[in-house]
Structures are given as C-alpha cells and as structure tokens.
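Take a look at the structure below.
The values are calculated or read from the model by the stated rules, or taken from the named source; none is laboratory data. All figures in this text were calculated on a predicted structure; none of them were measured in a lab. Using ideal geometry, Cβ is built from the backbone for each residue, glycine included, and neighbour counts are taken over all protein chains shown. Please note that ligands, DNA and RNA were not included when accessible areas were found on the heavy atoms of the full protein model with its side chains. Shrake-Rupley method; radii C 1.70, N 1.55, O 1.52, S 1.80 Å.
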Amino acid sequence: MLLWPAAAAALALWALLLLALALATRTPDADPVPPTSVFAAEPPAVVDLITGGWRLCEEAAAATLLDLAARGAVQIEEIGPELSLVRLRQADGLNPYERLVHDHVRSLSRDGVVATGALAEGARDLKSWWKRFRKQVIADARQRGLSQPRWSRAQLALLTAAAAVPAVVIAVAVTLADPEHEGGLGAGLLTFLGLMVLTRRLNRERGTELGAQAAAHWLGVRAHLAAGRFAEQPAASVTIWGRPLAYAAALGLAPHAVRSLPVSVPADDRRAWSDYGGRWHAVEVRYPARLIWGREPLHVVGRSLVAGFFLGFWTWIGLLILSAFDLWPRGLVQPGAFAVGFVVAAVPTARALLGGHGWAEGQIVRLRRQRSGGNENQPKYVHWCAIDEGTGRELRAYGMAGEQWALLSEGDVVRVRVARGVGWIDTTEVLSRAVRGDR
C-alpha cells in the first residue's frame with residue numbers, strides 16, 4: 001500500500017519544517033561584554049531569565065526578596081548563627097511578581113516578622129505559585145522587549161496546518177488496512193495531537209535582539225561581581241551590599257544567601273519552623289515506624305493478637321523440631337510457644353489500653369500523609385500530624401483519622417486528646433486558625 005510510505009514522507013516533511021523554523025527562531029548569540037560595574041534597569045528576576053538561557057531559575061524568587069530588602073520594602077536582620085528575620089516595611093510601587101513575593105512573606109509573618117527559614121512554610125501549592133511568578137516575570141521581560149515566544153502566530157498556524165496532512169494520511173491508511181474497524185479516525189487524531197504537543201513543548205521563551213544585548217551586558221556585570229566576595233555572604237548582608245547582592249544572587253554568585261531564603265523551595269518534611277510561644281524557632285519532626293505508633297488503639301490490639309497467635313504457632317512448630325533432636329525440652333514446647341505469643345500480643349495491647357490518654361496543646365507544624373496500600377482507584381493513606389507544644393525541639397508526629405486531618409491546616413493552634421502509648425489523636429479542638437496566604 002502506497003499510503004504508508006506517503007504517511008512516512010508527510011511526517012518527515014513536517015519534521016523538516018519544524019527543524020527549519022526552530023533554526024530560524026534561535027535566540028541571537030549574547031557575547032559577554034568586558035566586566036562592567038554599570039547596572040541596567042532590569043530587575044534581578046528578569047536578569048535571571050535572560051542570563052539563564054531564557055529559563056527562570058529557582059534563585060529568582062530569593063533574588064527578588066533580596067532586592068525588596070535593598071529597596072526598603074522588607075528588612076532582613078541576622079539574630080544568630082541559625083536565625084535571621086524578615087521584617088515587613090511599607091511597600092509601594094511593586095510590580096506583580098515582587099508583590100507576589102512580598103504577599104507571601106506577609107502571609108507567614110507574625111506581627112510583621114517571619115524567620116527566613118520559615119519562608120518555605122505555609123499552606124501552599126508551590127507549583128501554582130511558581131507558575132504565576134514565572135508568568136509575571138516573562139510578561140515583564142516581554143514588555144521590556146527582551147523576550148518573546150518561540151513561535152509567532154503565523155508560524156504556529158503553519159505548523160498546525162502542516163500537522164493535519166500526515167494525520168489525515170495515517171487515518172486513511174489505517175481505515176483502508178482494516179475497513180471493519182473504525183480505528184482510522186483515532187489514529188489520525190492521536191497523530192495530530194502528538195505533533196501539536198511537540199510543537200507546544202518547543203514553544204519556549206526566546207530572546208530578542210535587544211534581549212541578547214541586555215544579556216551580554218549582564219554577563220559583563222557578572223564577570224565584575226565574580227571578583228567580589230558574594231558566595232558566602234548571608235542574606236542579612238544586603239543591608240551592607242544593597243542591590244549588588246540581589247543581582248549576584250540572580251546571576252548565581254550568592255548561593256549562601258539564596259539557600260537562606262527558601263521562597264521557591266518545598267518545605268522540609270522533617271524540619272519545620274514554628275512561631276508558637278512568640279519566637280520563631282526550628283523543630284525536628286520524626287515519623288516513627290508504624291508497628292505500634294500512629295495507629296488507633298483498637299487496631300493495635302487486633303494486630304497484636306493476630307501477631308501473637310501466628311508467632312506463637314510458628315514458635316511451637318520450631319520448638320517441636322528442636323525437641324525432636326533433643327535440643328529443647330519436650331515438656332516446654334507448649335509453654336515456650338505460649339510465652340512467646342503472649343509477650344508479642346500483651347506488650348502492644350498493654351501500651352494501647354493502659355498507656356492512658358492526655359491532652360496536648362500547640363501549633364501544627366506538619367500535616368503529611370503517606371501511601372500505605374490500596375489501589376489506584378482507592379488508595380489508602382497514613383495521616384500524620386506534628387504539633388509543637390513549646391516544650392522541646394524534637395517532635396514525634398501523631399497518627400490520626402483522615403477525616404479529622406483534612407479539616408486542619410499547618411499553623412493552626414489546636415488542643416488534641418492523644419492515646420499516649422500509641423501516638424493516636426482521637427479528639428481535636430481548633431483554638432485558632434492559621435492566617436496563611438495561598439501561594
């Protein structure tokens with residue numbers, strides 16, 4: 001059948017068209033200018049975009065916060081070797097992505113203050129927040145004439161129309177090959193959608209001639225700043241260095257300052273920040289193995305009885321074998337098996353039933369769930385809740401029912417009733433809700 005070679009030829013011609021357009025829409029080369037100390041008007045986030053191959057890097061958000069500090073919209077001060085604070089100040093004239101960063105700091109603050117390490121905290125959808133931040137930075141770069149989409153409308157329309165040709169040929173070829181089945185339409189549609197997905201994925205940001213010139217200038221600034229001592233400077237040193245530290249961060253020259261401002265970094269499951277008690281502090285969170293801990297007391301009792309029965313049974317079998325070789329007294333086979341089964345069942349049961357209940361009050365610092373079984377349609381989860389009671393810097397997360405877990409948020413101050421022996425929350429009372437903004 002000649003249609004299959006025709007389909008292959010159509011796909012090859014479309015790929016050649018795509019390649020030709022890709023080569024024609026390359027970003028102009030940005031040859032770095034000699035080292036210069038002249039700072040242009042682009043904000044640090046835009047500088048990060050145009051000097052990073054028109055891909056926004058994670059340090060752009062931290063660099064933006066440093067720039068806000070240099071301009072007085074916030075203040076960063078170092079309190080000790082492990083604690084620095086961000087204090088909110090009057091902020092006027094911020095662009096949309098600067099406002100996004102400032103609003104996030106404000107959403108986490110207590111009386112206008114937040115620890116730098118806590119910038120990763122808060123109820124948030126990081127992917128959504130980062131998508132908005134990136135979109136607004138790109139919009140600013142486009143408004144300045146530095147950036148543009150790879151495909152123009154005319155080029156996108158040409159690729160779309162050209163993709164229809166191999167899709168139609170493949171649809172006809174599949175239909176003629178198997179007339180009794182209606183697979184031709186589906187094959188053609190899948191081909192067309194696949195080509196469109198590839199087209200969209202390649203439609204990334206690219207620089208204009210003006211953008212390439214700006215990138216070359218900022219690469220010269222980077223060469224100048226590289227001679228400085230920015231690599232180990234803390235974020236609080238922005239009060240000394242000013243905006244050059246923000247630009248150094250955007251250009252990848254201030255990793256220490258960027259790490260200390262985790263604006264675009266997911267919160268660490270095992271290290272959390274809390275302001276419970278009035279002062280910001282870090283706490284370490286442990287999630288114990290769920291042999292006993294983090295389970296409902298009656299569930300622990302049931303599992304213990306089953307485990308005691310089976311372990312006692314297999315101990316009985318093992319002792320019978322040993323007694324046959326005179327390695328164990330015959331009269332102690334049943335007592336030995338019973339003793340093993342009893343201990344295995346009794347110890348967890350005693351912890352579950354006799355461990356007692358107590359009330360704990362504090363701030364929720366971590367709400368996490370872990371897949372524990374089930375299938376794709378009906379997955380099962382373990383739900384963890386870590387509460388800072390203000391009595392220590394190491395916390396053990398408690399288990400709780402998913403229905404209660406879903407009603408809570410990190411930052412809530414709660415009073416909970418806990419089965420102490422097994423670490424299970426059975427009653428929850430919210431004393432105050434967290435004031436947190438969604439990123």
> Using Cα-only point scatterers and the Debye equation, what is log10 of I(q)/I(0) for the range 18-101 at each q in 0.15, 0.17, 0.24 Å⁻¹, rounded to two decimals?
Replying inline: -0.74, -0.87, -1.21
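Which whole-number percent is the relative contact order of the range 1-140 (Cα, under 8 Å, 6+ apart)? If you can, show how the numbers build up before the last one.
On the way: 98 pairs, mean separation 23.7, N = 140.
Result for the range 1-140 is 17 percent.
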> Taking the Cα centre of the range 24-97 as the origin, how large is its charge dipole in debye, to the nearest 20, when only Lys and Arg (+1) and Asp and Glu (-1) carry charge on their Cβ atoms?
Replying inline: 200
> Of Leu305, Trp293, Ala324, which is farthest on the positive side of the dipole of the range 283-333, counting Cα position, with +1 on Lys and Arg Cβ, -1 on Asp and Glu Cβ, and the Cα centre as origin?
Replying inline: Trp293
> If the label point is 7 Å along Cα→Cβ of Leu126, which residues in the range 242-267 have backbone nitrogen under 12 Å from it?
Replying inline: 262-267
>> Modelling each spin label as a point 7 Å along the Cα-to-Cβ direction, I'd like the Phe338/Ile79 distance in nm, to one decimal.
In response: 6.1
> Using the Cα atoms of the range 165-220 to build a convex hull, what is its mean projected area in square nanometres?
Replying inline: 5.0
> So how do Trp384, Trp424, Trp241 rank on accessible area, 1.4 Å probe, biggest first, that is with the largest at the start?
Replying inline: Trp241, Trp424, Trp384
>> How much length would be gained if the chain were fully extended between Ala6 and Asn95, taking 0.36 nm per residue of separation minus their Cα-Cα distance, in nm to one decimal?
In response: 26.8 nm
>> Can you tell me the orientation of helix 333-354 relative to the chain, as the angle in degrees between its alpha-carbon axis and the longest Cα principal axis, to the nearest 10?
In response: 60
>> 7 Å from Cα along Cα→Cβ at both Arg330 and Val33: what's the point-to-point distance in nm?
In response: 10.0
> Along the charge dipole of the chain, which of Val340, Val74, Gly117 sits closest to the positive end, that is, farthest toward it, with unit charges on the beta carbon of Lys, Arg, Asp and Glu (+1, +1, -1, -1)?
Replying inline: Val340
> Say R0 is 22 Å: what FRET efficiency, to the nearest 0.05, do Leu353 and Trp314 get from their beta-carbon distance?
Replying inline: 0.30
>> Please compute the contact order of the chain in relative form: average sequence separation of alpha-carbon pairs under 8 Å and at least six residues apart, divided by the residue count, as a percent.
In response: 19
> Using the Kirkwood radius built from alpha carbon pairs, what does the Stokes-Einstein equation give as D for the range 327-432 at 20 °C and 1.002 mPa s, in µm² per second?
Replying inline: 132
> Expressed in nm², what is the orientationally averaged projection area of the convex hull enclosing the Cα positions of the chain?
Replying inline: 34.5
> Using a simple charge model, +1 on the beta-carbon of Lys and Arg, -1 on the beta-carbon of Asp and Glu, nothing else, what dipole does the range 202-320 show about its Cα centre, in debye to the nearest 20?
Replying inline: 100
> Quick one: if the Förster radius is 51 Å, what FRET efficiency do Leu19 and Arg393 give, using the C-beta to C-beta distance and rounding to 0.05?
Replying inline: 0.30
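Using a probe of 1.4 angstrom, how much of the accessible area of the chain is carbon and sulfur, in percent? Can you show the working numbers first?
On the way: 13500 of 23040 Å².
Using a 1.4 Å probe with all protein chains present, the chain comes out at 59 percent carbon and sulfur.
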> So how far apart, in nm, are the two label points at Lys135 and Asp426 if each is 7 Å from Cα heading toward Cβ?
Replying inline: 4.8
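Would you calculate, for the chain, the mean residue ellipticity at 222 nm contributed by helices, counting each DSSP H stretch of 4 or more residues as -39,500 (n - 2.57) and dividing by all residues, to the nearest 500? Write out the running numbers ahead of the final one.
Working: 14 runs with 204 residues, N = 439.
When only DSSP H runs of four or more count, the value is -15000 deg cm²/dmol.
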> Give or take rounding to whole Å, what are the principal axis extents of the alpha carbon atoms in the range 191-270, in descending order?
Replying inline: 57, 44, 16
> With the radius of gyration and the Kirkwood radius both derived from the Cα set of the range 216-364, what is their ratio Rg to Rh?
Replying inline: 1.39
> If you place +1 on the Cβ of every Lys and Arg and -1 on the Cβ of every Asp and Glu, how big does the dipole about the Cα centre of the chain come out, in debye to the nearest 20?
Replying inline: 160
